[in-house]
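Notes to accompany the following structure.
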Amino acid sequence: MMKGNRNRKEKQLVRISFSLNGQKVEAEIKSSTILLDLIRDVFSLKGTKGACREGECGSCTVLLNDVPVNSCLFPAINANGKNITTIEGLTKSDGSLDEVQEAIVQNGASQCGFCTSGVALAIKGLKYHYKKLNNSKKINAVLTPNRKDIKKWLEGNLCRCTGYVKIIDAAEKALINE
Amino acid sequence: MNEDLEFIGKPFPKIDARMRVTGTAVYGNDIILPNMLYGAILRTAYPSALIESIDISAASKFPGVVSVITADDVDVNNISYKRDHPILKKGEVNCIRDEIAAVAAESIEIARHALTLIKVRYKVRQGIYDPYEALKDNAPLINKYAENKYNNKNLAEVFHYEHGDLTAQKNISKVIISRRFNLPRVTHTCLGTSNITAHFNKTDKKLLLYSSTQVPFLYQRDIAHALKMNPSDIRIIQPVIGGGFGSKLDMYPFEPICALLSIKTGRPVQILYSREEEFIASPTRQPMIIDITTGADKSGNFTFREINIMKDNGAYTSWGATTPFVMMQAFSSLYKVGACSFDSKAVYTNNVFAGSFRGYGNPQATFALERMIDLMADKLGIDKADIRVKNANQKGEITGQGLHYDTCGHRECLETVISKSEYKKIQSLNKKGRYRHGIGFASMLHVGGGAKIYRSDGCGTTIKIDPYGFCIIITGSSEIGQGSETVLAMIAAEELGIELSRIKVINSDTDVKPWDVGVHASRTSFVAGNSLLGAIAILKEKLNKKAAFILNTDFSDLQYKKGKINSIKEGKSIDLDKVVREMHFSPPGELAIASYFYEPDSHFQDKEFKGNVSGSYAFAAQAIKVEVDTYTGNIKVIDVYVAQDVGKVLNPLLLAGQIEGGILQGVGYAISEELLFEKGRLLNPDFHNYKILTASDIPDIHFFPVETNDKRGPYGAKGVGEAPLIPTAAAIANAVCDALNLEFVELPLTPERVMIALRENISI
Ligand code: FES
Ligand code: FES
């Protein structure tokens, strides 16, 4: 009985629409669908990785209305009406690199690269975060994150190759670029 | 000779970085083939049991399941270099990873569900999880392939090495100290989990594998043996790899299993590990117990080392069982030492089997060795920095094991970190109160020019220039994130005057690329670099001939720069692509292509494990400062001073990346990482409970490359990849012992261990 109910509910599809890398898209999903699976399997955007699928590594990071989230834990249904940016959307439409990507390349911050999509979006999210802080009227001085703030912000992005030094260098360069 | 190098020594970003930073790199984890099935593996529920029956009927009938296989359905050979590892287990299981059945289905969900429908009846056994227990006379044989070897003991591999006169050296020793050290099981945690996609074509009977292997040609041979196929009917393509660190040196059962599922179904099949499966079923570093006795004479000269190592081999043997090759080197030849006796046993247990991991036994050996040096220095009342410098290796030395140090930066490395850390000025570190400070030293020796352990340690290269002036390097070597493509492209750019954006590196297809042993032993820049230089020399002879003819000059007058070949004497030049077109299209017609096979002039070791096994040797020293919080037991690694003899810096940006990444893995080994097992079962198969370090944990790393210009290396370079993590745990442990004035004989130095030691104020 219980099982039957659950199955029926699982089968019920929900239609959501959201903006994916600047394009309006729609999808019919189960209420249990995870955003990462929607991005990778339905929209075939393989740049977003799923190295743990339990919220521990950050390789699945995407931007949801400019805020980094772990897409492996995020119910796709909650993306309805939102703006999602994946690594493919960070790259400019002519194929040239966003300043964050460029900083990662120039500073040697990507070795095997499996963490890199998540790292790039986390750094981009940090940029947006400070932009918002600085735009909010309460503050007059321009805030920029220091190395310690950057490290703290990137704590959720595991990298096994680089030892993080070059990642933090890249973040610093990208943030100063403002 | 290296005065005006345009590319070598410059911080070029990786040539493949753009594809990695845009999400367009296709990792094995991203591959989708038409009509592809998804494979999943049923692993045992018990680490040691007899299998009474396996019932796959319900799983086979489940909609969407295409094939279910067990050992009864396949005709295969065992794998591992000892051939002691059945791909699918029959009759018994011996460790928690053991593969019992596999499913191929239309979706991953169906495949996983089908696993739950397979009914296995076990007769559970006690199992043996302690190597000392496993060696007792009454212990049952764990791996039946060990039968009739080593007196029917649970022994997988035994090594003995010695040099010098042990008794004489003991007699002249002023101090003799013995200790037992216990090194944990840690794992690679590559961010990209293990994966394989197999495609067997039923019509032409050929097998295509998209595999993460770092040794594609050995792998091709091994998988052919496992599947009873002809190696040439198997083509290996290496997609982009999400981290290696030694984990892809062995072939594991899931790989031939995936091939078998494809052979059965005639469709492409993919197996992709979850993170939990990665923790449970991918390799680990060798855990070991090291009994060591060392001595020094009254002036602090090292006299002898006596070592006995117990390695927990787990249920099957991997390449990791041969780590004593490397450990013998460290014990016999790091610092000068009159005599050395080394014994090691790899013992079968019902634990998971260990594989190879960056450093290959060397972090363990170096830990024991460098801890002992501090203990001896203390007892002799000699400064711990001075005693190291005094015993440092030297250029021209031939060690007891027969290693030839034609270049040697050991002493310079030590002196560099001693002075840069300002050790001599900071004698009075804070040893009281809540936060205590300490400093520790450690050195390391590792092969820096390949290692002759297979019949060949060679690498082939084919290089060509197309009629548009682009250069294509087809190399036997593999890229696993370490930056080898970039280094090779820089070498070609340097020699041929072609800009980097016009150079492509082809390195991922066994049907195309020439033979190479694979990525291991920090050998790629050295061996593949030399191989490429050899190919370039041949190619240039051909180009020179044509260019000299056109420019009306002789070879020695020609210079390759910025896409042109210049005649200095004549003051004329010609575009490189034009020369190539002339070669191709004017009779008699010749291709701008050349191949070369480079084999280092190193030697096999003899039966006593003596001989000059590598083309070059790398040295390093680290000085590490720590702060220990005596209220919480937390260790903060503050500064790492690292000096490394790299021969010659080929690319400072990539080099620093290798150093920093390696050091952080070493810090993890020292203070946070440990796979926890209870009776053969893994207790912490996730990133929450197995702590790899994050951006917040990084120390300040101060790196000082030491250039000794080894004439055998490309531009003088030596291997660098493994070295940075080798001395790190040893130096940290020495620093923590210094800070607390306590002794630790175990890793990792977790807060818990530190607190216990402080509370009991005794050694643990
Ligand atoms: S995959 Fe989402 S946090 Fe690891
Ligand atoms: S570059 Fe490999 S995990 Fe970060």
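The values are calculated or read from the model by the stated rules, or taken from the named source; none is laboratory data. Quick caveat: nothing in here was measured; it's all calculated off a predicted structure. Cβ placement follows ideal geometry from the backbone for every residue including glycine, while neighbour counts extend to all protein chains displayed. All accessible areas refer to the heavy atoms of the entire protein, side chains included, with ligands and DNA or RNA removed. Shrake-Rupley method; radii C 1.70, N 1.55, O 1.52, S 1.80 Å.
Just one residue in the set B:VAL637, B:VAL649 is among the aliphatic types (A, V, I, L, M) and surrounded by 24 or more Cβ atoms within 10 Å (Cβ to Cβ); that residue is B:VAL637.
Looking only at residues in the stretch B:683-708 that are among the aliphatic types (A, V, I, L, M) and open to solvent by 30 Å² or more (accessible area, probe 1.4 Å), the one that is nearest to the other protein chains (Cβ to nearest Cβ) is B:ILE701.
Within the stretch B:341-393, the set of residues being in a loop (DSSP other than H, G, I, E, B) and without any contact (Cβ under 8 Å) to a residue 24 or more places away in the chain comprises B:GLY381, B:ASP383.
Going through (1) in contact with a Ser or Thr (Cβ under 9 Å, 6 or more places away or on another chain); (2) part of a strand (DSSP E or B); (3) open to solvent by 40 Å² or more (accessible area, probe 1.4 Å) one by one, B:LYS90 falls short only on (2). Checked against (1) over 12 Å from the mean Cα position of the chain (by Cα); (2) within 16 Å of ligand 1 (Cβ to nearest atom), A:GLY95 passes all but a single condition, namely (2). Residues in the stretch A:127-178 that are open to solvent by 60 Å² or more (accessible area, probe 1.4 Å) and within 16 Å of ligand 1 (Cβ to nearest atom): A:TRP153, A:GLU155. Looking across the stretch B:256-272, just one residue is under 22 Å from B:TYR316 (Cα atoms) and open to solvent by 10 Å² or more (accessible area, probe 1.4 Å), and that is B:LEU260. Do we have B:GLY433 as open to solvent by less than 10 Å² (accessible area, probe 1.4 Å) and in the same structural domain as B:PHE325 (by TED's automatic domain parsing) here? Considered against the rule, which asks whether it is open to solvent by less than 10 Å² (accessible area, probe 1.4 Å) and in the same structural domain as B:PHE325 (by TED's automatic domain parsing), B:GLY433 comes out as no. Residues in the stretch B:514-533 that are open to solvent by 10 Å² or more (accessible area, probe 1.4 Å) and over 21 Å from the mean Cα position of the chain (by Cα): 2 in all. Restricting B:GLY716, B:GLY680 to those that are touching an Asp or Glu at 6+ places or on another chain (Cβ under 9 Å) and at positive phi reduces the list to B:GLY716. Scanning the stretch B:316-340 for residues being β-branched (Val, Ile, Thr) and free of Cβ contacts under 8 Å to residues at least 60 places away in the same chain gives a total of 1. Going through (1) more than 23 Å from B:GLU276 (Cα to Cα); (2) open to solvent by 40 Å² or more (accessible area, probe 1.4 Å) one by one, B:TYR38 falls short only on (1). Among the residues of the stretch B:340-378, those that are over 30 Å from B:ARG125 (Cα atoms) and of a type in the set (S, T, N, Q) comprise B:SER341, B:ASN362, B:GLN364, B:THR366.
Condition check for A:LYS132 on (1) in a loop (DSSP other than H, G, I, E, B); (2) more than 14 Å from every other protein chain (Cβ to nearest Cβ): one failure, at (1).
Can you tell me which residue within the stretch B:210-260, out of those that are charged (D, E, K, R) and at pLDDT 95 or above, is farthest from B:GLY657 (Cα to Cα)? If we take residues in the stretch B:210-260 being charged (D, E, K, R) and at pLDDT 95 or above, then B:LYS228 is farthest from B:GLY657 (Cα to Cα). Quick one: in the stretch A:10-56, of everything that is open to solvent by less than 10 Å² (accessible area, probe 1.4 Å) and assigned to a helix (DSSP H, G or I), which residue is nearest to ligand 1 (Cβ to nearest atom)? Looking at the filtered set, the residue picked out is A:LEU36.
Here the stretch A:57-92 is the region considered, the condition is being hydrophobic (A, V, I, L, M, F, W, C) and open to solvent by 50 Å² or more (accessible area, probe 1.4 Å), and the residue that is nearest to ligand 1 (Cβ to nearest atom) is A:LEU73. Against the test of being at pLDDT 95 or above, among the hydrophobic types (A, V, I, L, M, F, W, C) and within 16 Å of ligand 2 (Cβ to nearest atom), the options A:VAL69, A:VAL62, A:VAL119 yield a single qualifying residue, A:VAL119.
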